[in-house]
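Below is one structure, written out as structure tokens, with a few remarks after it.
The values are calculated or read from the model by the stated rules, or taken from the named source; none is laboratory data. Owing to the predicted nature of the structure, the values given are computational and were not obtained by experimental measurement. Here the Cβ positions follow ideal geometry from the backbone for every residue, glycine too, while neighbour counts run over all protein chains shown. In case anyone asks, the SASA skips ligands and DNA or RNA and just uses the protein heavy atoms, side chains included. Shrake-Rupley method; radii C 1.70, N 1.55, O 1.52, S 1.80 Å.
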Amino acid sequence: KENCRWAEISTQNYNQGIRIKNRSGKTGVSWDNDRSKWFVRICIDGKNVALGRFSNYEDAVKVREEAELEYYGVTKK
């Protein structure tokens with residue numbers, strides 16, 4: 001009880017662990033079969049915000065981590 005704190009829904013979502021179905025190894029980065037590119041998104045205030053599609057996985061992860069720093073102040077490892 002003393003360990004609890006109130007947080008916005010986007011912060012709560014961010015604090016969750018990586019999903020079991022995640023195959024990319026990075027939250028918010030997934031493979032788009034239709035376009036054969038990596039799709040990057042982030043959830044801000046309960047809304048998914050698309051950050052783009054990338055041919056290179058490393059570029060996709062970099063964009064996701066930059067967005068995490070901008071919106072949350074930290075990156076998720």
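Quick look at the numbers
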{"read-out": "Residues within the range 12-25 that are under 17 Å from residue 75 (Cβ atoms), open to solvent by 50 Å² or more (accessible area, probe 1.4 Å) and not in a loop (DSSP other than H, G, I, E, B), tallied", "value": "1"}
{"read-out": "Residues (open to solvent by 30 Å² or more (accessible area, probe 1.4 Å), over 21 Å from residue 7 (Cβ atoms), assigned to a strand (DSSP E or B) and not basic (Lys, Arg)) located in the range 42-73", "value": "50, 51, 54"}
{"read-out": "Test: residue 3 is over 15 Å from residue 76 (Cβ atoms) and either at pLDDT below 80 or part of a loop (DSSP other than H, G, I, E, B) (or both)", "value": "yes"}
{"read-out": "Residue that is nearest to residue 8 (Cα to Cα) [pool: residues in the range 60-75 that are out of contact with any helix residue (DSSP H, G or I) (no Cβ under 6 Å at 6 or more places or on another chain) and touching a residue at least 12 places away in the same chain (Cβ under 8 Å)]", "value": "71"}
{"read-out": "Qualifying residue in the range 22-35 (condition: of a type in the set (Asp, Glu) and touching a strand residue (DSSP E or B) at 6+ places or on another chain (Cβ under 8 Å))", "value": "yes"}
{"read-out": "Single condition residue 34 does not satisfy, out of (1) in contact (Cβ under 8 Å) with a residue 12 or more places away in the chain; (2) exposed (fewer than 10 other Cβ atoms within 10 Å of the Cβ)", "value": "(1)"}
{"read-out": "Scan of the range 26-38 for residues that are within 11 Å of the chain's Cα centre (by Cα) and in a loop (DSSP other than H, G, I, E, B), ordered by number", "value": "26, 27, 28"}
